[in-house]
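A short reminder: the numbers here are calculations on the coordinates, not readings from a lab. In this text the structure is predicted, and so the values were computed from the model without any measurement. Positions of Cβ are backbone-derived with ideal geometry, glycine not excepted, and every protein chain shown enters the neighbour counts.
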Amino acid sequence: MSQQSTIVLLPEDIRVKLQELLRDPRVTQLEATRKINEILEAEGHDDRLSKSSVNRYAVKMEEVGRKLRQSREVARMWIGKLGNEPQGEVGKLLNEMVRTLAFEAVVDMAEGSEPVSPKMLKDLGIAVERLERAASENEKRDEEIRKHALEDAADAVDEAAKQQGLNEEQARFWREKVLGVR
């Protein structure tokens, strides 16, 4: 098992201060390392940060930030496109996004140096199974909604045809046209 990062082991308030320093474009990583080490010394902590640990952490945080910005941009684009679409389409998009995230998580775990925990695999399997079940239920519900809407439209056509003086056979003809029968 690999050793935990010294940054992960920092007290929460000091780690937050490091994150603030790393986000400030006026502060270099070397300055951030020096300032955090001064805080650690002043507070009586034995540990110190190395330049390389701060660099690894900064690179990792930048990657996380980049992925977050990218996912927000994609979400904005799709929500803008689907804003007027039926709810089912948004649900399908979200299902597909979660599937993609699950796939990427599995790939990342497989490429990682640490073994994947059986609990994590079990949880991921359960999440995917629930996602697939929800997608199937949504598809069935959408089909039922379409069927009822079509029947309602056929009833309206049948009634309108009769009100316009068409006989029973003519009204049935138009009703069946709406339903796609014949």
Along Cα→Cβ, 7 Å out, is where each label goes; now give me the distance between the ones at Arg23 and Arg130 in nm to one decimal. 3.1 nm
Tell me, in nm to one decimal, what length is gained between Glu139 and Thr100 on full extension, where the rule is 0.36 nm per residue of separation less the Cα-Cα distance? 12.1 nm
Using Cβ counts within 10 Å as a stand-in for footprinting exposure, how do Thr100, Thr33 rank, fewest first? Thr100, Thr33
Could I have the simple spin-label model distance between Val59 and Ala42, label points 7 Å from Cα toward Cβ, reported in nm to one decimal? 3.0 nm
Where the only charges are on Cβ atoms (+1 Lys, Arg; -1 Asp, Glu), what is the dipole of the range 1-84 about its Cα centre, to the nearest 20 debye? 680 debye
